[in-house]
1. How high is the relative contact order of the stretch 30-187, given as a whole-number percent (alpha carbon pairs under 8 Å, six or more residues apart)?
2. At a 1.4 Å probe, what is the % contribution of carbon and sulfur to the accessible area of the chain?
3. Provide the packing ranking of 31-44, 230-243, i.e. peptides ordered by the mean count of other C-beta atoms within 10 Å per residue, highest first.
4. Where the centre of each part is set by its Cα atoms, how far does the stretch 244-288 sit from the stretch 305-361, in angstrom?
5. Given the rule -39500 (n - 2.57) for each run of at least 4 DSSP H residues, summed and divided by the residues of the chain, what is its mean residue ellipticity at 222 nm, to the nearest 500 deg cm²/dmol?
6. With +1 on each Lys and Arg Cβ and -1 on each Asp and Glu Cβ, how big is the dipole of the stretch 139-178 about its Cα centre, in debye rounded to the nearest 20?
7. Beyond 20 Å between alpha-carbons counts as too far, so tell me which of K120/K292; K79/K191; K15/K120 fall in that bin.
8. In the stretch 214-290, with Lys and Arg counted as +1 and Asp and Glu as -1 at Cβ, which of these residues, H274, V249, L287, has the Cα nearest the positive end of the dipole, that is, farthest along it?
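The values are calculated or read from the model by the stated rules, or taken from the named source; none is laboratory data. These numbers come from a predicted model, not from an experiment. FYI the Cβ positions are ideal-geometry reconstructions off the backbone, even for glycines, and counts take in every protein chain you see. The protein model used for the area step is the full one, side chains on, heavy atoms only, and it has no ligands, DNA or RNA in it. Shrake-Rupley method; radii C 1.70, N 1.55, O 1.52, S 1.80 Å.
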Amino acid sequence: MKELHDIKAALEQVKDTTKKLALATLVKVEGSTYRRPGARMLMSADGLIVGAISGGCLESDVFEKAQQVMDTGSPCVVKYDSTSEEDLIWGLGLGCQGIAYVLIESLPVNEPNQISFVHKCLDTRFESAIATVFNIEGESKSQIGDRLLLNSEIVNHISDEELAAAVLRDTQVALQHKTSVGKQYQLIGGKVEVFIQVIQPPLSLVILGAGYDVLPVVRFGKELGWHITVVDNRQREASRKRFQEADRVKFCSPQDVLKNIKIDERTVAVVMTHNYLDDLELLRVLLPSGLKYLGVLGPKKRTARLLQELLEEGVIPTPQQQQNLYSPVGLDIGADNSEEIALAIIAEIQAVTAKHQGGFLRNRTVPIHASINSQSSKN
């Protein structure tokens, strides 16, 4: 997500120039690869590179090929095959044991493009999808780089009406399932491949508390491109100055939290007040709020006591609410100081929202990018 923000920021800086730009998008992978489809890299003729489509092994070659794309304006798809045992393909020394297909296109600076569409969706927190034609075998009215954009409206740049109708149906399904997917379409004249990418809003992390141990949580969350809100129950200008890196700093009582923050499917929260009574009130308010992840800092016994008090008041969490409650918060990584605890918290949120277990990769029995459901079904 941060990658898309960085690319948009770079485009803003060059919008009044005549720079030639190209955008590389990872549109298809086979086997093991460092990045998943949807990874992007922006390049300019004078050496600007923002983003990445691999762990560093493909970028130089992609940049070289992008120079020709910027000169001609004609898009191309480059196939990188690192399954060779010699591991010396093109002299790049790749070692991922996978195949990557990269679409390289020229990107007009001052014209509407896919990045401006994506950024608008991120700003409005509106789920959307982009379907991109990247391979054509045989004859087709469509061309590589043709797109269909879907949010509250449909923007169709796919010339073939039959293909556009099929792509629209599949894009609507992908958006409903919130899952990016590659599709093949057999037409009368040949075969067409399309990458459908679902764009979800950045994760919104709400941190309840304004102590110094919140600072690394804010910093790590921003590194991932998350939208960060810090809530302080006291009106303190020092908090606003301390958390300048956060997107918002709100001052309100625990009882008024829901009046000051918006909770949607992409919102998570962590309670870090270090105040028992504040935590009690926050749990009373936040447990039934629909949060898919609610972390509470502190020992397990302390949280159990908080829940017992709520139970005695008649506040009975549902099984789903109990499942969405994480306390002690964070993964078990032996964290001790504020930075290590923040790392554990951020890692746990990432694992939960990505539907992964957060264990050792060496113990996985399915590919590393597969969800926990895939691993469970195989075991």
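1. Once normalised by length, the contact order is 15 percent.
2. Within the chain, the accessible surface is 50 percent carbon and sulfur.
3. Numbers: 31-44: 19.9, 230-243: 16.6.
Descending packing order for the listed peptides: 31-44, 230-243.
4. The two parts, judged by their Cα centres, are 15 Å apart.
5. Details: 12 runs with 127 residues, N = 379.
Calculated mean residue ellipticity at 222 nm is -10000 deg cm²/dmol.
6. 220 debye
7. Working: K120/K292 25 Å; K79/K191 18 Å; K15/K120 16 Å.
With Cα atoms farther than 20 Å apart: K120/K292.
8. After comparing all options, I get V249.
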